[in-house]
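Every number in this text was worked out from the coordinates using simple rules, so none of it is lab data. Note that this is a predicted model, so its numbers are computed, not measured. Virtual Cβ from ideal backbone geometry, glycine too; neighbours counted across all protein chains shown.
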Amino acid sequence: MKKQIIVAAAALTMLTACGGSATQATKETDKFDYTVEQFADLQILRYRVPGFEELSLQQKELIYYLTEAALQGRDILFDQNGKYNLVIRRALEAVYTGYKGDRDNADFQALEVYLKRVWFSNGIHHHYGSEKFVPGFSQEFFRQALQSIDASALPLAEGETIDQLCDEIFPVIFDPKVMPKRVNQADGQDLILTSACNYYDGVTQEEAEAFYGAMKDPKDETPVSYGLNSRLVKENGKIEEKVWKAGGLYGSAIEKIIYWLKKAEQVAETPEQKAVIGKLIAFYETGDLKTFDEYAILWVKDLNSRVDFVNGFTETYGDPLGLKASWEALVNFKDLEATHRTEVISGNAQWFEDHSPVDKRFKKEQVKGVSAKVITAAILGGDLYPSTAIGINLPNANWIRSTYGSKSVTIGNITDAYNKAAHGNGFNEEFVYSDVELKRIDRYADLTDNLHTDLHECLGHGSGKLLPGVDPDALKAYGSTIEEARADLFGLYYVADPKLVELGLLPDMEAYKAQYYTYLMNGLMTQLVRIEPGNSIEEAHMRNRQLIARWVYEKGAADKVVELVKKEGKTYVVINDYGKLRALFGDLLAEIQRVKSTGDFAAARDLVENYAVKVDPALHAEVLERYKKLNLAPYKGFVNPKYEAVTDSEGRITDVKVSYEEGYAEQMLRYAKDYSTLPDRN
Ligand code: ZN
């Protein structure tokens, strides 16, 4: 599971850095330019990798091989996100690099923006809202441009003409009725047929649910993650899985990943880590989901290696049924100083579990293996690039989590880059009610936001238990939203607990109010900057935040706990009673845990449909208007650093150099050239 930046871009505005890693980074990187460029609704940033130079040669070499493995799977995600994405991307890249006409004309400029968005989203649908982009250039221009360049650069199928290529991809790009959404979550529709993602081909939702329903054995206490690593297809009337593995679907990319993992295996830090990498290779070679679980268990138990990584089919947000995992990669190493904070939280996990406001029947008697650390990202890949989470908690299989625990990380250098880039952009001055809240946010919000992330990841996802016999997937399409709400509420409830002051994690009992204010401002208002007028909320994390904010707003209305007030025609969030607000968070946590523990689908649907989805159009319009004036991009992503191996005369690596100069298009074109691992059509 992932934790994303809480406040849209907004984010972390005007906050002074005071976390461990942040402070450290400040000293090292005073002159570092965190911003790269801005277009459409996106801002591209860069991040530093503090501490890389101080790693041992073996650790650097290991990171180098793992970063190569992390880049080889990029094409997989493009294809998972939509079956025409690779063809479209390559056609656009061919025009972008080969076009000899006027590059200043409006059509070409619009094509450039469109391509940059396709790179950012790993496809033609918005990375967050999942709606299809509207191209700003004409079909005629694109056709002429394709005809004007060297045809050998184009992604033509065997014997295909350029006109046929246009017939193939133009409706997908230009017709708003064709593949309008990557992931459709609208209640009551066939979620597979109406979603453009490429996880199913020729099957209906009913057929897919029946297919996987038949695989499940309710008595199996260690079920594999059915369907995780395959496309489900119907061919000649027969439904079957095309498994992503060496020799299978996506085999050419997976074989490259394996090549680099084998090199990494040779320089692993510990025997445990070597075993992790070896097991992952075995999984990629066989596609066997039992092997995947064995790998996940080895991975979660490997706590002593400084360097760590994610590489594989991991998160299921991109599948409307939540079964099939998108490919992602992250290479990182532990930030020793900042990790102290999360170790204190994890060390007290049982205390938090015992004192939470949920019914005793739903609590874990023993909270196991909650490990947590702050990491420094060395590279982002697949579904974590260029847009990334700031916290990750894995593995996802419930039984592995309850038996072996989970690893929970906060990505310190990414959070730091967000903070630095957002400094002084005017967002809080526009949306925060008064100086009292502003001062509090300025003083505490960076710290409390980090703490909330830690509580969400280290404790929230790992807390509570299902009652015996409850199907972990009982909440179906509402499962992700409910799970994220559960973790967020755990964090909100405890960020206001005197225990945190006692543990030395917060300076006083005033600090949490900064988190409460920014959370409600975001959930009730400012996250709407990410939604197009007329649309409702689809994404699980956004749904969860609105669910929580709207629920406490409504339940506290009689006591005026939280109000939306007008001042000079503008709406603001006002919190009148922070104590009562905490109690409401506790009440909702108890209810959400009950829903999860008992698999109460009807209650989950009611909560999500009543509080999380619908948008007040007047408030939405106002927020968009105010936001527009700030001229900020609501979404951010990152270019990666570039790693180069220095070798001696015999080809042995003697050092690895990291540099940060690469631009956005430059990096994307390099990746397209060096890591083009899949055919155009898969
Ligand atoms: Zn989460």
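Quick one: check the C-alpha center-to-center distance for the stretch 105-119 versus the stretch 517-581, whole angstrom. The two parts, judged by their Cα centres, are 35 Å apart. The calculated P(r) of the stretch 453-557, using every Cα pair and 10 Å bins from 0, goes 13, 39, 33, 14, 1 in percent.
Annotation: lysines with alpha-carbon distance below 20 angstrom to Lys629 (same-chain offsets under eight excluded): Lys566, Lys567, Lys570.
Sort Leu438, Leu584 by Cβ crowding within 10 Å, fewest neighbours at the top.
The most exposed by this proxy come first: Leu438, Leu584.
For the stretch 351-358, 3J(HN,Hα) computed residue by residue from phi via the Karplus equation (6.51, -1.76, 1.60; θ = phi - 60°) reads 4, 5, 4, 5, 9, 6, x, 8 Hz, glycine and proline entered as x. Placing +1 on the Cβ of every Lys and Arg and -1 on the Cβ of every Asp and Glu, with nothing else charged, gives the chain a dipole about its Cα centre of roughly 860 debye.
About the Cα centre of the stretch 502-632, how large is the charge dipole given +1 on each Lys and Arg Cβ and -1 on each Asp and Glu Cβ? Please answer in debye to the nearest 20.
Charge dipole of the stretch 502-632: 260 debye, to the nearest 20.
Normalising by the residue count of the chain, find the relative contact order in percent from Cα pairs under 8 Å and 6+ residues apart. It rounds to 21 percent for the chain. HN-Hα J couplings of the stretch 603-610 from phi, Karplus 6.51/-1.76/1.60, θ = phi - 60°, integer Hz, Gly and Pro as x? In residue order, the calculated couplings are 5, 4, 4, 4, 4, 5, 5, 7 Hz. Candidates Gln350, Ala268, Phe170 compared by Cα position along the dipole of the chain: farthest toward the positive end lies Gln350, with charges placed on Cβ. Summarising the strand pairing of the stretch 351-449, around 40 percent of its internal DSSP beta bridges are antiparallel. Rounded to the nearest whole angstrom, the semi-axes of the ellipsoid equivalent to the stretch 221-299, taken from the Cα gyration tensor as √(5λ), stand at 27, 16, 6, largest first. Listed by Cβ neighbour count within 10 Å, with the fewest neighbours leading, Leu451, Leu632 appear as Leu632, Leu451. Counting lysine pairs in the stretch 175-283 whose alpha carbons fall under 21 angstrom apart, excluding pairs fewer than 8 residues apart on the same chain, gives 17. Between Ala621 and Glu337, the modelled labels are 5.1 nm apart [label points 7 Å from Cα along Cα→Cβ].
For Asp201, nonlocal amide neighbours, meaning residues 5 or more places apart or on other chains whose placed amide H falls under 5 Å from its own, are Leu232, Val233, Lys234.
Of all DSSP bridge pairs formed entirely within the chain, close to 75 percent run antiparallel. Under a model in which nothing but the beta-carbon of Lys, Arg (+1) and Asp, Glu (-1) is charged, the stretch 33-84 shows a dipole of about 100 debye around its Cα centre. Here the residues Trp351, Trp299, ranked from fewest to most Cβ neighbours within 10 Å of their Cβ, fall in the order Trp351, Trp299.
Under 5 Å between amide hydrogens, built in the peptide plane, is the criterion, and for Ile192 it picks out Gln205 among residues at least 5 positions away or on other chains. Put +1 on the Cβ of every Lys and Arg and -1 on every Asp and Glu Cβ in the chain; which of Leu384, Gly586, Ala604 then has its Cα farthest towards the positive end of the dipole? The residue sitting farthest along the positive end of the dipole is Gly586. Over all pairs of different C-alpha atoms in the chain, the reciprocal of the mean inverse distance, the Kirkwood hydrodynamic radius, equals 25.7 Å.
Answer rounded, prolate or oblate for the stretch 178-273, using the Cα gyration tensor with square roots of eigenvalues a ≥ b ≥ c: rounded when a/c is under 1.5, else prolate when a/b is larger than b/c, else oblate.
Because a/c hits 1.5 or more and a/b exceeds b/c, the stretch 178-273 counts as prolate.
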